[in-house]
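One structure below.
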Amino acid sequence: MSNIKKAFENGKAFIPFITCGDPDLDTTFKIVKAAADNGADLIELGIPFSDPTAEGPVIQEANLRALTSGTTTDKIFDLVRNLRKEVTVPFVFMTYANVVFSYGAERFIKTAKEAGVDGIILPDIPYEEKEEFSDVCEKYDFDLISMLAPTSENRVRMIAKEAKGFIYVVSSLGVTGTRDVISTDLSSIISAIRETTDVPCAVGFGISTPEQAKKMSGISDGAIVGSAIIKIMAKYGKDAAPYVGEYVKSMKEAVSQN
């Protein structure tokens, strides 16, 4: 069984996203540990990239802070190795194809798996081009996470049929960022997923409040939050870990009400 599926075994999952190296990797260690200690079921670790096309200004700025502090892919692998001495929840990387290509796809996936990462999300790789990565991911039993956007309509079943780990359902069109209202009809997308596969699905993009997290996890298997956490990190810097921990706790409590 995919290690990622364990995140969904005990009710609805709360999944925080954390940009590695913002403001530095020592702080990332503390933040990831605080998130896990306060109920995070799976943690997305962002590998910073100079041109993160799917991200809004909040996460773009986090990428810049992380790169400026000297964060590299190899240092992030070391971070994961150290985290794995204390943290057992599943990890997935979220980054861009160029990061993996420049490292060498097979070398990257092999090293990530050995370090203790369970899968990867590549938002700039469309379904039609995923074979460039899916074969090597399969070789190392490493889940390539599929993303489904509101525009996927006719492709939902096709994408869901081959999904691994979990399916990342994008709540809204556009880039990442907090939103006051999520108006997309996600229920029909999630119904189509559930008719096709038993792979869990979680909703991300735009979720920032416990109310939104409760609502989104009510129609899916979990809620993903990035920008709201990155804002806390930007506000508190090296002292952010306990504040992120408090936030994760409140969000986990909200999704657990379903």
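Looking at this structure, is Arg65 of a type in the set (Lys, Arg) and closer than 30 Å to Pro126 by Cβ? Step through it out loud before you land on a result.
Working: of a type in the set (Lys, Arg): yes; closer than 30 Å to Pro126 by Cβ: yes.
When the stated conditions are applied, Arg65 passes them.
In the stretch 69-148, which helices (runs of 4 or more DSSP H) lie fully inside it and hold 1 or more residues that are without any contact (Cβ under 8 Å) to a residue 24 or more places away in the chain and over 19 Å from Pro52 (Cβ atoms)?
Numbers: elements: 73-83, 97-103, 105-115, 131-139.
Answer list for the stretch 69-148: 73-83, 105-115, 131-139.
Could you tell me whether Phe49 is outside any loop (DSSP other than H, G, I, E, B) and out of contact with any Pro (no Cβ under 6 Å at 6 or more places or on another chain)?
Spelling it out, it is not the case that Phe49 is outside any loop (DSSP other than H, G, I, E, B) and out of contact with any Pro (no Cβ under 6 Å at 6 or more places or on another chain).
Taken as a whole, the condition of being in contact with an Asp or Glu (Cβ under 6 Å, 6 or more places away or on another chain) and assigned to a helix (DSSP H, G or I) applies to Arg65. Note on the stretch 183-258: enclosed helices (runs of 4 or more DSSP H) holding 1 or more residues that are surrounded by 19 or more Cβ atoms within 10 Å (Cβ to Cβ) and hydroxyl-bearing (Ser, Thr, Tyr) are 210-219, 227-236, 241-255. Would a scan of the stretch 59-72 turn up a residue that is surrounded by 15 or more Cβ atoms within 10 Å (Cβ to Cβ), among the acidic types (Asp, Glu), touching a strand residue (DSSP E or B) at 6+ places or on another chain (Cβ under 6 Å) and within 21 Å of Thr27 (Cβ to Cβ)? Among the residues of the stretch 59-72, not one is surrounded by 15 or more Cβ atoms within 10 Å (Cβ to Cβ), among the acidic types (Asp, Glu), touching a strand residue (DSSP E or B) at 6+ places or on another chain (Cβ under 6 Å) and within 21 Å of Thr27 (Cβ to Cβ), which makes the answer no.
Being modelled with pLDDT of 95 or more, in contact with a strand residue (DSSP E or B) (Cβ under 9 Å, 6 or more places away or on another chain), small (Gly, Ala, Ser) and buried (at least 18 other Cβ atoms within 10 Å of the Cβ) is a property that does not hold for Ala34.
The values are calculated or read from the model by the stated rules, or taken from the named source; none is laboratory data. This one's a predicted model, so the numbers in the text were calculated from it and none came from an experiment. Methodologically, a virtual Cβ is constructed for each residue, glycine included, from the backbone with ideal geometry; neighbour enumeration extends over all protein chains shown.
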